[in-house]
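Undergrad: Have a look at the structure that comes next, please.
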Amino acid sequence: MSYRASISGSDTLIFLPAWNEEANLPAVLDELHAELPDADVLVVDDGSTDRTAGVARAHGAEVLSFAQNRGLRAGIAAGYAWARDHGYSFCGRIDADGQHPPAELRRLLELVRAGGCDVAVGSRFVSGDGYAPYRYAPTGARRLGTGILRRSMRFVLGRPFGDATSGMYAAAATALPMLAEPYTSGAPEVEAILRLHRAGLRVDEVPVDMRARASGESKLRGRTAVLLVLTVIGTLVGAQRLRRGG
């Protein structure tokens, strides 16, 4: 298999969607460069009002800045589009808040690079060698939402998928055209999995460990978390209707 490299000489891009993450980015980017020194790094600055863009550049990342906040789904599509348009053979995505260890992303990229799958998704909720079952226990509304989402994904995909809202991805170039298309729902990760499924690409769910957010508050709390669950379910129902209609 031949790999195409970008103008920089690297065949791998890692991107991080970021909105007001100046406090978290230094440690995240430093760890990322240490763990994956040969990869290019892009921060998609989603109209931040703090020093996110300047901090990212100071820590060795390219920056793509939106003039105003456009939301996570726009940042995700822009990151994959950058990888596609600049000729990368592999693309990884992690969050900018410190929850995704770069060492785990490296494992996902190694799996994709070896041809094991087209896309590897880091999962908190599947077990494997060195990853105990039930190591993450969602509470309250998240527990209910996670249960509903898992059942819905099994129904639509015809197989289990435990962590459909995970933002830790490694993808081969074959998947970039699907992942770079604009997202129309409030659940872009779920929408991405459905697109890849319809395209016949292989998506593997890989056990990983994740951390608590390094600083600041999660943007998915309380009412927002409940609305996300409802949005995800709506996305899945729409996909099922589309499949039946086709």
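The values are calculated or read from the model by the stated rules, or taken from the named source; none is laboratory data. Predicted, not measured: the structure shown is a model, and the values here were computed from it. Cβ sites come from the backbone with ideal geometry, for glycine too, and all protein chains shown count toward neighbours. Remember, those area values only see protein heavy atoms, side chains included, never the ligands or the DNA or RNA. Shrake-Rupley method; radii C 1.70, N 1.55, O 1.52, S 1.80 Å.
Undergrad: Got at least one residue in the stretch 215-224 being among the charged types (D, E, K, R), at pLDDT below 90, more than 20 Å from the chain's Cα centre (by Cα) and open to solvent by less than 70 Å² (accessible area, probe 1.4 Å)? Write out each step before concluding.
TA: First, pick out the residues of the stretch 215-224 that are among the charged types (D, E, K, R): 217, 219, 221, 223.
Now drop any that are not at pLDDT below 90, which leaves 217, 219, 221, 223.
From what is left, the residues that are more than 20 Å from the chain's Cα centre (by Cα) are 223.
Adding the requirement that they be open to solvent by less than 70 Å² (accessible area, probe 1.4 Å) leaves none.
Checked the stretch 215-224: no residue is among the charged types (D, E, K, R), at pLDDT below 90, more than 20 Å from the chain's Cα centre (by Cα) and open to solvent by less than 70 Å² (accessible area, probe 1.4 Å).
Undergrad: Restricting attention to the stretch 63-84, which residues are open to solvent by 40 Å² or more (accessible area, probe 1.4 Å) and touching a residue at least 60 places away in the same chain (Cβ under 8 Å)? So that I can check it myself, show each step before the final result.
TA: Start the filter on the stretch 63-84 by keeping residues that are open to solvent by 40 Å² or more (accessible area, probe 1.4 Å), which leaves 64-65, 67-70, 72-73, 82, 84.
Those that are open to solvent by 40 Å² or more (accessible area, probe 1.4 Å) and touching a residue at least 60 places away in the same chain (Cβ under 8 Å): Leu72, Arg73, Trp82, Arg84.
Undergrad: Can I ask one more? Report the residue count in the stretch 17-51 for those that are β-branched (Val, Ile, Thr) and closer than 21 Å to Ala81 by Cα. Give the derivation first.
TA: Pass one, the stretch 17-51, residues β-branched (Val, Ile, Thr): 28, 41, 43-44, 49.
Checking which are closer than 21 Å to Ala81 by Cα leaves us with 41, 43-44.
Final tally of qualifying residues: 3.
Undergrad: Which of the residues spanning the stretch 27-43 are without any contact (Cβ under 8 Å) to a residue 40 or more places away in the chain and in contact with a Ser or Thr (Cβ under 8 Å, 6 or more places away or on another chain)?
TA: From the stretch 27-43, those without any contact (Cβ under 8 Å) to a residue 40 or more places away in the chain are 29-30, 33, 37-38, 41; that's our starting set.
Once the filter is applied, which keeps residues that are without any contact (Cβ under 8 Å) to a residue 40 or more places away in the chain and in contact with a Ser or Thr (Cβ under 8 Å, 6 or more places away or on another chain), the stretch 27-43 yields only Asp38.
Undergrad: How many of the residues in the stretch 32-44 are in a helix (DSSP H, G or I) and either basic (Lys, Arg) or open to solvent by less than 60 Å² (accessible area, probe 1.4 Å) (or both)? Walk me through it before giving the result.
TA: The first filter runs over the stretch 32-44 and keeps only residues in a helix (DSSP H, G or I), leaving 32-35.
Next, only the ones that are either basic (Lys, Arg) or open to solvent by less than 60 Å² (accessible area, probe 1.4 Å) (or both) stay: 32-33, 35.
The qualifying residues number 3.
Undergrad: For Cys91, indicate whether it is open to solvent by less than 60 Å² (accessible area, probe 1.4 Å), over 20 Å from Ala18 (Cβ atoms) and out of contact with any Pro (no Cβ under 9 Å at 6 or more places or on another chain).
TA: Working: open to solvent by less than 60 Å² (accessible area, probe 1.4 Å): yes; over 20 Å from Ala18 (Cβ atoms): no; out of contact with any Pro (no Cβ under 9 Å at 6 or more places or on another chain): yes.
Taking the combined requirement at face value, the residue does not satisfy it.
Undergrad: I'm checking my understanding of the structure. Among residues of the stretch 1-52 that are aliphatic (A, V, I, L, M) and modelled with pLDDT under 95, which one is nearest to Ile94 (Cα to Cα)?
TA: So in the stretch 1-52, the residues aliphatic (A, V, I, L, M) come out as 1, 5, 7, 13-14, 16, 18, 23, 25, 27-29, 32, 34, 36, 39, 41-44.
Still in the running and modelled with pLDDT under 95: 1, 5, 7.
Numbers: Met1: 26, Ala5: 21, Ile7: 23 Å.
My answer is Ala5.
Undergrad: Search the stretch 45-62 for residues that are open to solvent by 20 Å² or more (accessible area, probe 1.4 Å) and pair each with any residue that is part of a helix (DSSP H, G or I) when their beta-carbon atoms are under 6 Å apart and the residues are at least 6 apart or on different chains.
TA: Close Cβ pairs satisfying both conditions: His59/Pro26; His59/Leu29; Gly60/His33.
Undergrad: Filter the stretch 45-84 down to the residues that are in contact with a strand residue (DSSP E or B) (Cβ under 7 Å, 6 or more places away or on another chain) and assigned to a loop (DSSP other than H, G, I, E, B), then identify the one that is farthest from Gly186 (Cα to Cα). I'd like the intermediate steps shown before the answer.
TA: First pass over the stretch 45-84, keeping only residues in contact with a strand residue (DSSP E or B) (Cβ under 7 Å, 6 or more places away or on another chain): 45-46, 48, 52-53, 56-57, 60-66, 72, 75-76, 78-80, 82-83.
Applying the additional criterion that residues be assigned to a loop (DSSP other than H, G, I, E, B) yields 46, 48, 60-61, 66.
Values: Asp46: 16, Ser48: 20, Gly60: 31, Ala61: 27, Phe66: 19 Å.
Within the stretch 45-84, the match that is farthest from Gly186 (Cα to Cα) is Gly60.
Undergrad: Shifting gears a bit: Identify all residues within the stretch 160-193 that are open to solvent by 10 Å² or more (accessible area, probe 1.4 Å), over 21 Å from Leu109 (Cβ atoms) and not acidic (Asp, Glu); write none if there are none.
TA: Across the stretch 160-193, the qualifying residues are Pro160, Pro182, Tyr183, Thr184, Ser185, Gly186.
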